[in-house]
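**Student:** What follows is a structure written as structure tokens; I'll ask about it next.
No lab work stands behind these numbers, since they all come straight from the coordinates. Just so you know, these numbers come straight off a predicted model, no measurement behind them. As a convention, Cβ positions derive from the backbone with ideal geometry for all residues, glycine included, and neighbour counts pool all protein chains shown.
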Amino acid sequence: MTAMTRRQRLAVWMRGRGPTTVGEAASRFAVSERTIFRDIARMRADGLRVMGDPGRGGGIWLRAR
């Protein structure tokens with residue numbers, strides 16, 4: 001799977017899921033957490049509104065347009 005395809009699938013997965021963690025996303029896509037952080041950075045650079053709350057009980061999600 002290419003990085004672009006993974007980012008597209010990650011966005012679809014996040015939209016259908018609501019708040020999730022980087023660890024859950026990494027497990028779902030069989031990549032490292034660092035890769036998910038890079039994907040999120042790229043998604044934000046491409047204009048997607050990926051939101052996040054750090055720490056215990058936090059998570060990441062896509063904000064509605």
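**Student:** Please state the charge dipole magnitude for the chain, taken about the Cα centre, from unit charges on C-beta atoms (+1 on K and R, -1 on D and E), reported in debye and rounded to the nearest 20. Before the final figure, lay out each step's value.
**Tutor:** Numbers: 14 positive and 5 negative charges, 39 e Å.
The calculation lands at about 180 debye.
**Student:** Report the label-to-label distance for T20 and R38 in nanometres (one decimal), using points 7 Å from each Cα along the Cα→Cβ vector.
**Tutor:** 1.9 nm
**Student:** Moving on to the next point. Which of the trypsin sites (Lys or Arg not before Pro) found in the stretch 2-60 are in a DSSP loop and have at most 11 neighbouring Cβ atoms, other than their own, within 10 Å? Walk me through the intermediate numbers first.
**Tutor:** Details: sites: R6, R7, R9, R15, R17, R28, R34, R38, R42, R44, R49, R56; in loops: R49, R56.
For trypsin sites (Lys or Arg not before Pro) across the stretch 2-60 that sit outside H, G, I, E and B with at most 11 neighbouring Cβ atoms in 10 Å, the list reads R49, R56.
**Student:** Towards the positive end of the charge dipole of the chain, with charges on Cβ (+1 Lys, Arg; -1 Asp, Glu), say which of A3, V22, I60 has the farthest Cα.
**Tutor:** A3
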